[in-house]
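Following: one structure in structure tokens, then a few remarks.
No lab work stands behind these numbers, since they all come straight from the coordinates. All figures in this text were calculated on a predicted structure; none of them were measured in a lab. Reconstructed Cβ throughout: ideal geometry from the backbone, glycine too, with neighbour counts over all protein chains shown.
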Amino acid sequence: MKSQAIKRVGAASAFALSALCLSPSANASLYTFTQTGFSGGGVIKGSFEGEDLNHDGQIAYIFDLLPSPDATDTGTGADEVTSFSFSFSGDSVIQSFSHGFNELQGLVYDVGTRFLGDGTGSSITDTLEGLISDSQTPATNTGNFQYSSGLAITGTFGASVTNKDSGAISSTSALIAVTSHEPPKVVPVPAAFSLFASGLFGLGLFRRKKAI
């Protein structure tokens, strides 16, 4: 009976400890965005997830500043985006397509603002603010398209979607509107900690009684 009690207490403690260790540090925020007014009538809708790791007031991913395609460098603030995707609805000029994180070349967003790519803010990387994604090679899942938006990237407010095979372009003077912001999820670890502490206390009490 005593050995079974020890096993039960030990199992409960181990479970609680694993919950503490495996709980993710979910600090990234999820942003959704849209862009309208394209000359062919198309609409951009997408989302990205990121965190301002270097506390410069911006969330940034700049492919060319990373040491290699698989590297990260939190010191430069070039790798603060962890997920990205968007879809273009298609219009009279450009067919519909979607891009994901693999196509992302650059994204710089001023945290807390309503638009992406308006060139405002106080960081030294303001000149890079905007978004660009590019199909590096023609592929059946993405096509061969480039999406560029932001004052620093296009030289003007708005964006353009380009079919790199035909040269067709659909453009807009509208900014990317950040339509929603979902803050990081709070990980509920106190209950697991309480269970772990109770298990340790019970095990200690049992050993003390045994010693007496």
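Run the numbers for residue 95 and residue 166: contour at 0.36 nm per residue of separation, minus the present Cα-Cα distance, in nm.
Values: separation 71, 0.36 × 71 = 25.56 nm, distance 1.14 nm.
Length gained between residue 95 and residue 166: 24.4 nm.
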Rank these for me by crowding, 181, 99, 55, going from fewest to most other beta carbons within 10 Å. 55, 181, 99
So what are the ³J(HN,Hα) numbers for the stretch 161-178, from phi and the Karplus equation (6.51, -1.76, 1.60; θ = phi - 60°), rounded to whole Hz, Gly and Pro as x? 10, 10, 8, 6, 7, 9, x, 5, 10, 10, 10, 8, 9, 7, 7, 6, 8, 7
Would you kindly derive the ³J(HN,Hα) couplings of the stretch 35-42 from the backbone phi angles with the Karplus curve 6.51 cos²θ - 1.76 cosθ + 1.60 (θ = phi - 60°), listing them in order in whole Hz, with x for Gly and Pro? 8, 10, x, 5, 4, x, x, x
Show the residues, 5+ positions off or on another chain, whose built amide H is closer than 5 Å to the amide H of residue 58. 111
Could I have the simple spin-label model distance between residue 114 and residue 173, label points 7 Å from Cα toward Cβ, reported in nm to one decimal? 1.9 nm
